[in-house]
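Input: a single structure, listed below in structure tokens.
The values are calculated or read from the model by the stated rules, or taken from the named source; none is laboratory data. These figures come from a predicted structure and were not determined experimentally. Please note: Cβ atoms are built from the backbone with ideal geometry, for glycine as well, and neighbour counts cover all protein chains shown. Calculation scope for accessible area: heavy atoms of the full protein, side chains included, ligands and nucleic acids excluded. Shrake-Rupley method; radii C 1.70, N 1.55, O 1.52, S 1.80 Å.
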Amino acid sequence: MSTTAGSTLTDEATDLATDLRTLPQRPYQVVVWNDPVNLMSYVSWVFRTYFGHSRKRAEHLMMQVHTDGRAIVASGAREEAERDVTAMHNYGLQATLEGAE
Amino acid sequence: MARAFRATTRGYKADLETHERRLLSQLCADVITMLQQRGQDIAGEESPDDEFAHFRAELAGLGAGLDEEDDGGLQPPQDAVLARLLPDASADPEEAAQFRRLAESSLRESKIADLRAARLALESNTVALSEAQAPVFGRALNDVRLTLSARLGIETESDAEQVHSAAGQGSAATTEEFMGELYAFSTWLQETLFSAMLDVLPDDQ
């Protein structure tokens, strides 16, 4: 999580309210796994158009999948993450849902 | 000789030989059949040919019935192709089974719809796709490639390279070599389509 130090959010009560609002909403991650079939151009296109990632971000994630074997491509509330995993399966990508640490 | 996908003023087009598009269309039809069969197998398991099953379940007692509801997950397909087309959504088998119970049937239906649309696009030697049709065709082509890769046992990048280099020689004599040729051809076609599609995306930060 990013820090609010130095920002206009100096009031402690406001910080707490922000945490309560944002933390429980992002507990799930969408993980895409490497496989030898899906093409780099295809994966990159899916990341850019489905998630709306920039070209740079999409290519970074695609290379991360390729070299590390997996990458977290999105995170959010459970329903949202489930929808994303199903969409990735529809594109033929190996994707799983996991609880964020 | 086939001519690769390229961008046009209203989408993308490629020129295929008649036998190439017929083969691709047949592969799409094969994948549709497999997905439909999976649906029928599940329906068969859930409502076996037993008119009194529901009645007996009720007699067996409320407690037992509740237990069944609790672990009402759906097991992954045993066939390698279906397992690849309909993957687990979680590393935890129990959670994956629960998710599959809710999501697999609509995933099968969307894949079948994509594959049917691809078959329509493959009805003429010039395969013309609008901006909206291109991703649909691309997904269907990808499902065909996943199917072939599972049949060919492609599990690593070097497996894939081997299939590609063997296919380049154009002397397929066995079913496996022929599948390898089809894999290489559909890979090439998909690569040209998505390179063209990436080219027209607005360049951002």
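Multiplying the residue separation of B:Thr156 and B:His19 by 0.36 nm and removing their Cα-Cα distance gives an extension gain of 46.3 nm. Put a dot 7 Å past the Cα of B:Asp30, heading toward its Cβ, do the same for A:Arg70, and the two dots end up 3.2 nm apart. Residue by residue along A:32-38, Cβ atoms of other protein chains within 10 Å of the local Cβ number 6 on average.
Taking B:Lys111, A:Lys56, B:Lys13 and ordering them by how much accessible surface each has at a 1.4 Å probe, largest first, produces A:Lys56, B:Lys13, B:Lys111.
Heavy-atom accessible area for B:Ser106, with the other protein chains in place and a 1.4 Å probe, reaches approximately 70 Å². With both labels modelled 7 Å from their Cα along Cα-to-Cβ, the A:Glu79 to B:Gln75 distance reads 3.3 nm. Pull out a ≥ b ≥ c, the square roots of the eigenvalues of the alpha-carbon gyration tensor of segment B:94-163, then state rounded if a/c is under 1.5, prolate if not and a/b is larger than b/c, and oblate in the remaining case. Since a/c reaches 1.5 but b/c is at least a/b, the shape of segment B:94-163 is classed as oblate.
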